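Undergrad: Structure provided below as structure tokens; questions to follow.
Values quoted throughout were computed directly from the atomic coordinates according to the rules given, and no laboratory measurement underlies them. Predicted model only: the values in this text are computed from it and were never measured. Note that we place each Cβ from the backbone using ideal geometry, even for glycine, and neighbour counts take in every protein chain shown.
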Amino acid sequence: MAAYLDTNLLVQRSGLDSLELSTAQALCREAGVEIVVPVIVADEVESSRRRIVEAAFDALRAAHREAARYGPIAHLAELPTPGELARAYRDRLEATFATVATPDDAPAEALRREAFRLRPARAGSGARDAAIWLTVRDDHLQRAESGYFVTNNSRDFAAHGDPSALHPSLADEVAGHAHPLSLFPSVADLAAELAEEAEVLVDEGLLRTLDGFDRAVRRLFQEPDFMAGIRPPPELRASEEGRLFVASDMSTRATALHDARGYRIEDRRVTVGRVAFEAAFELGTLEKAGAGQVQKMLPVTCAVTALVWFVESAAGADPAVEISQVVATKVNAV
């Protein structure tokens, strides 16, 4: 099975760090549903991200200029390139979900639908929505399984007055397929379709004693991408060529569990929540120096907020723990 995501679900403020999206990911994995993003959706997400970053940077520069009118202040640091940040965000998106290319004949058909006001295009616009629909439709028709199309654009894709039903003209395009393509207005609605609500597997007390969570934290700090994203304290600031690593044993401590949501899929329970935790260790840097390398170390604590999945294991066993998405990190020297 496949669940297709529209652009509007991925350009919200929380974006890929959304607890609702992470919940849908966990439930889709347990239910054997592949989450798929049309390439044109990835294009729109990247473009939206670039515009958001550009606006934020423009506001920052304007605020800096205004502040400089009232007294001497430090120069504004050089800002990253918005396009590069947007591309990195797209890379995250494509690393998280499967993608499907736009069919070769879709662009021409999308423009024809826009010209003739054919759904999902209407009022002389909507070629990109049409291209998204054609991508979803064709991929679904090639699969011998049910599919889910998730979009909150009910105005263009849904039946009048029913955001959970495809517009009749779109429904007709997939009516001959042996497996249905169902419409859902949100990832929360998709989650409700895949699983029923259940008691959560963990609370803060259990979380603090869970060996599986300690192991998950230690695995996280072994991931090169995570370590590359850490901003070390000024005392240990590394160059762009430097490499950060954990240089000592580590102690971990869960500090809070927020917004835990429990579900049941068949005979197992799944819980998704936002977890705050700390890790204490010596942070090291390794940099080239002439023909050799220089290593520096500093005791630190790293505070992390992450979206975490807990999946029920065999009877009596602790749940399996997976840190699915890091939302924020802050490193302080001890």
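Undergrad: For region 197-333, with equal point scatterers placed on the C-alpha atoms only and solvent neglected, what are the log10 I(q)/I(0) values from the Debye formula at q = 0.09, 0.10, 0.18 1/Å, to two decimals?
TA: Computed log10 I(q)/I(0) values: -0.32, -0.39, -0.95.
Undergrad: Does region 4-104 come out rounded, prolate or oblate by the C-alpha gyration tensor, with a ≥ b ≥ c the root eigenvalues, rounded set by a/c under 1.5 and, if not, prolate when a/b is larger than b/c and oblate if not? Present the calculation step by step, with values, prior to reporting the outcome.
TA: Values: a/c = 3.56, a/b = 2.39, b/c = 1.49.
Since a/c reaches 1.5 and a/b is larger than b/c, the shape of region 4-104 is classed as prolate.
Undergrad: Only helical DSSP H runs with n ≥ 4 go in: add -39500 (n - 2.57) per run for the chain, normalise by residue count and round the 222 nm mean residue ellipticity to 500 deg cm²/dmol. Present the calculation step by step, with values, prior to reporting the outcome.
TA: Working: 11 runs with 122 residues, N = 334.
Calculated mean residue ellipticity at 222 nm is -11000 deg cm²/dmol.
Undergrad: Which loop GluC sites (Glu not before Pro) in region 133-225, with loop taken from DSSP, have no more than 16 other Cβ atoms within 10 angstrom of their Cβ?
TA: On the way: sites: Glu145, Glu173, Glu193, Glu196, Glu197, Glu199, Glu204; in loops: Glu145, Glu199.
Passing sites in region 133-225 are Glu145, Glu199.
Undergrad: In percent, what relative contact order does the chain have, based on Cα pairs under 8 Å that are 6 or more apart in sequence?
TA: Computed over the chain, the figure is 16 percent.
Undergrad: Follow-up question, since we're still on this one. Mind listing the long-range amide H neighbours of Phe97? Cut-off is under 5 Å, sequence gap 5 or more, other chains count too, H placed in the peptide plane at 1.01 Å from N.
TA: none
Undergrad: Another question, if that's okay. Does anyone have the angle between helix 82-96 and the longest principal axis of the chain? Alpha-carbon axes, 0 to 90°, nearest 10?
TA: For helix 82-96, the angle is close to 70 degrees.
Undergrad: I want to check the label-to-label distance for Ala317 and Val294. Put each point 7 Å from Cα in the C-beta direction and report it in nm to one decimal.
TA: Placing both labels 7 Å along Cα→Cβ, they lie 4.9 nm apart.
Undergrad: Need one number for the chain: average projected area of the convex hull over its C-alpha atoms, nm². Don't jump to the answer; show the numbers that get you there.
TA: Details: hull surface 93.3 nm².
Seen from a random direction, the Cα hull of the chain projects 23.3 nm² on average.
Undergrad: Tabulate in residue order the Karplus-calculated ³J(HN,Hα) for region 40-53, using 6.51 cos²θ - 1.76 cosθ + 1.60 with θ = phi - 60°, rounded to whole Hz; enter x for Gly and Pro.
TA: 5, 5, 4, 4, 5, 5, 4, 5, 4, 4, 4, 5, 5, 5
Undergrad: Compute the length gained on full extension between Thr255 and Glu196: take 0.36 nm times their separation in residues and subtract their Cα-Cα distance, giving the result in nm to one decimal.
TA: On the way: separation 59, 0.36 × 59 = 21.24 nm, distance 2.83 nm.
Roughly 18.4 nm would be gained on extension.
Undergrad: If I model a spin label at Arg231 and Arg65 as a point 7 Å from the Cα along the Cα→Cβ vector, what separation in nanometres do I get?
TA: Simple spin-label model gives 2.4 nm for this pair.
Undergrad: In debye, nearest 20, what is the charge dipole magnitude of region 2-194 about its Cα centre with +1 on Lys and Arg Cβ and -1 on Asp and Glu Cβ, if you could check?
TA: Numbers: 20 positive and 29 negative charges, 145 e Å.
The dipole magnitude comes to about 700 debye.
Undergrad: Another question, then. If the viscosity is 1.306 mPa s and the temperature 10 °C, what Stokes-Einstein diffusion coefficient in µm²/s follows for region 2-194 when Rh is the Kirkwood radius over Cα pairs?
TA: Details: Rh = 18.3 Å.
Here the translational diffusion coefficient equals 87 µm²/s.
Undergrad: Subtracting the Cα-Cα distance from 0.36 nm times the residue separation, let me have the gained length for Ser164 to Ala115 in nm, one decimal. Please list the in-between numbers first.
TA: Values: separation 49, 0.36 × 49 = 17.64 nm, distance 2.68 nm.
That works out to 15.0 nm of additional length.
Undergrad: Separate question: Which value, to two decimals, describes the C-alpha radius of gyration of region 75-169 once divided by 2.2 N^0.38 Å? Working shown, then result.
TA: Working: Rg = 17.2 Å, N = 95, 2.2 N^0.38 = 12.4 Å.
The value comes to 1.39.
Undergrad: Estimate the FRET efficiency between Arg92 and Ala276 by the formula 1/(1 + (r/R0)^6), using the beta-carbon distance for r and 22 Å for R0, to the nearest 0.05. Don't jump to the answer; show the numbers that get you there.
TA: Numbers: r = 22 Å, r/R0 = 0.98.
E between Arg92 and Ala276, to the nearest 0.05, is 0.55.
Undergrad: Could you calculate the FRET efficiency of Asp172 with Gln12 from 1/(1 + (r/R0)^6), where r is the beta carbon distance between them and R0 is 41 Å, rounded to 0.05? The partial results should precede the final answer.
TA: Working: r = 31 Å, r/R0 = 0.75.
Efficiency computed from Cβ-Cβ geometry: 0.85.
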